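Chemist: Here it is: the structure, laid out below.
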Amino acid sequence: MTSTLLVTGGAGYIGSHTCIELLQEGHQVVVLDNLSNSSPEALHRVEAITSKAPIFIEGDIRNPALVRDILARYNPEHIIHFAGLKAVGESVKKPLDYYANNVSGTLVLCQEMAAHGLFNLVFSSSATVYGDPASLPIRENFPRSATNPYGRSKLMVERMLEDLYLSDPRWNIAILRYFNPAGAHPSGLVGEDPADIPNNLVPYISQVATGRREKLQVFGNDWSTADGTGVRDYIHVVDLARGHLCALRQLSQGCGLKAWNLGLGRGYSVLEVVSAFEKASGQTIPYQFVDRRPGDIAACWADPASSQKDLQWSAEKGIEEMMADAWRWQSTNPDGYSRLSGPERLRKLDR
Ligand code: NAD
Ligand code: UFG
């Protein structure tokens, strides 16, 4: 069954891929994004892929009057809430920005949803809420903790949503804990476009491959892992996007509040990722070992059994496809969406 959805942060990396899947399934999509970390060009590309245009509203989720107006005008049946800030290092320097965007933003959204009589929410959480897990793989009922303001903002929102559900069982809330999203749309038209020097491994490697960065710094080769480098559960962004559609079905069936891991269920080391990227791209990735990055953990991967069972979802794309798609995106869009010249960008915005 198709429906109308509000997608906050829909111009961003995961949001734009999710908009593609939603539009392809015939849903009506309204995007609210303040473009603080994205470009409207992402949504033009979404339209090019799907031949359907999401409705785009530029604005902030912390603006209650705007959210109220959007809910009244479009009357969505569900909200998928991606909007927020996500850079761990920046969150240490600007904690209030993170609490304002991630915590207060979600608070405003939920208040306006309740006032409108809308109780179906998918929330973007993160494997970061598991802190440094005592054992692997990670199940949804593992203890939660956070080591930085970004992680704490996600944990605070999770707890706020739990309290909200306890206070009013009309809420249906799917908390999706993403492991490490990677890759891009197979068309090569939509992908990750970090505004600054990439923090994350795959976008960094991609920029080394195009010559924009000299070499990869591998943060530590003395971790207690098979080759000494950090191990993570990388999940293709298209698989992740599909997980949201599965979660919507749960909301429609009245799931209450549930948390699900979205991961592949196996880990790859930094060196394995480098090697997979080299194979997919035919490029050599120079790297050097440097000190561990503060706050990093040795290894992290998901037990996806609950999402497989409840959501009828599993990741279908492996590391080879993630790297091949990341390379296709990066090599055809070496400067991301900003490669458009000024006049060309303005023409696009005028459409
Ligand atoms: P992104 O930065 O590409 O997308 C977030 C979008 O939200 C951007 O388009 C940004 O402009 C918008 N935004 C930010 N604050 C806003 C506000 N106050 N009002 C309106 N729009 C706002 O990030 P992403 O990688 O697509 O992540 C989406 C969500 O998933 C985030 O909540 C993030 O914390 C979470 N998440 C991401 C990862 C990851 O590694 N990418 C991992 C786990 C969880
Ligand atoms: N790494 C490097 N060099 C780099 C970047 C990363 O060696 O230049 C290593 C890291 O030390 C780690 C691995 O590559 O071992 C992955 O690092 P990322 O920064 O790509 O990802 P993280 O696991 O640190 O964190 C990411 C997001 C978080 C999110 C988490 C969910 O940044 O916001 O995944 O699992 F919470």
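The values are calculated or read from the model by the stated rules, or taken from the named source; none is laboratory data. What you see is a predicted model, and the numbers here were worked out from it, not measured in a lab. Glycine gets a Cβ as well: all are built from the backbone with ideal geometry, and neighbour counts include every protein chain shown. These accessible areas exclude ligands, DNA and RNA; they are computed on the full protein's heavy atoms, side chains included. Shrake-Rupley method; radii C 1.70, N 1.55, O 1.52, S 1.80 Å.
Chemist: List residues of region 88-112, by number, whose backbone nitrogen lies under 13 Å from a label position 7 Å along Cα→C-beta of Asp196.
Modeler: Inside the label zone: 88-95, 97-98.
Chemist: Could I ask something else about it? When a/c reaches 1.5 or more, the comparison of a/b and b/c decides; with that in mind, is the chain rounded, prolate or oblate per its Cα gyration tensor?
Modeler: Oblate.
Chemist: Specify whether the C-alpha gyration tensor of region 233-346 places it in the rounded, prolate or oblate class, a ≥ b ≥ c being the square roots of the eigenvalues: rounded for a/c under 1.5, otherwise prolate if a/b is larger than b/c and oblate if not.
Modeler: Oblate, since a/c reaches 1.5 and b/c is not below a/b.
Chemist: So which of Lys86/Lys258; Lys86/Lys309; Lys279/Lys309; Lys94/Lys154; Lys215/Lys279 end up more than 24 Å apart, counting from Cα to Cα?
Modeler: Pairs exceeding the cut-off: Lys86/Lys309; Lys279/Lys309.
Chemist: Using modelled backbone amide H atoms (1.01 Å from N, in-plane), which distant-in-sequence or interchain residues come within less than 5 Å of Phe56's amide H?
Modeler: Val31
Chemist: Compute the distance in nm between two label points, each set 7 Å from the Cα along the Cα-to-Cβ direction, one at Leu35 and one at Ser3.
Modeler: Each label point is offset 7 Å from its Cα along the Cβ direction, giving 3.0 nm.
Chemist: Please list the non-local residues whose amide H lies under 5 Å from the amide H of Arg266, H modeled 1.01 Å from N, same-chain partners needing a gap of 5 or more.
Modeler: For Arg266, the qualifying residues are Ala302.
Chemist: Grab the Cα-Cα distance for Ser51 and Thr284, subtract it from 0.36 nm times how many residues apart they are, and report the gain in nm with one decimal.
Modeler: Details: separation 233, 0.36 × 233 = 83.88 nm, distance 3.68 nm.
My answer for the length gained is 80.2 nm.
Chemist: Now for a separate question. Find how much the distance from Gln312 to Arg159 grows on full extension, using 0.36 nm per residue of separation minus their present alpha carbon separation; answer in nm with one decimal.
Modeler: Gain on stretching Gln312 to Arg159: 52.5 nm.
Chemist: So if we plug the beta-carbon distance of Tyr74 and Arg212 into 1/(1 + (r/R0)^6) with R0 = 51 Å, what FRET efficiency do we get, rounded to 0.05?
Modeler: 0.85
Chemist: Compute the separation of the alpha-carbon centres of region 288-309 and region 65-90 and state it in Å as a whole number.
Modeler: Centre-to-centre (Cα) distance: 28 Å.
Chemist: Just by accessible area at a 1.4 angstrom probe, what is the order of Met156, Met322, Met1 from largest to smallest?
Modeler: Values: Met156 85, Met322 0, Met1 215 Å².
Final ranking, largest accessible area leading: Met1, Met156, Met322.
Chemist: For an R0 of 30 angstrom, estimate the FRET efficiency from the Cβ-Cβ distance between Ala65 and Ser252 and round to the nearest 0.05. List each step's numbers first, then the result.
Modeler: Numbers: r = 29 Å, r/R0 = 0.96.
Efficiency at R0 = 30 Å is approximately 0.55.
Chemist: Shape call for region 52-166 from the C-alpha gyration tensor, a ≥ b ≥ c root eigenvalues: rounded (a/c under 1.5), prolate (a/b greater than b/c) or oblate?
Modeler: Details: a/c = 2.12, a/b = 1.64, b/c = 1.29.
Prolate, since a/c reaches 1.5 and a/b exceeds b/c.
Chemist: May I pose another question? Could you tell me how far the Cα centroid of region 218-233 sits from the Cα centroid of region 113-170, in Å?
Modeler: 27 Å
Chemist: Right, here's the next one. Check which residues have an amide H placed less than 5 Å from Leu257's amide H, if you skip close sequence neighbours.
Modeler: HN-HN under 5 Å from Leu257: Ile173.
Chemist: A further question follows. Given only helices, namely DSSP H runs of n ≥ 4 each adding -39500 (n - 2.57), what is the per-residue ellipticity at 222 nm of the chain, to the nearest 500 deg cm²/dmol?
Modeler: -11500 deg cm²/dmol
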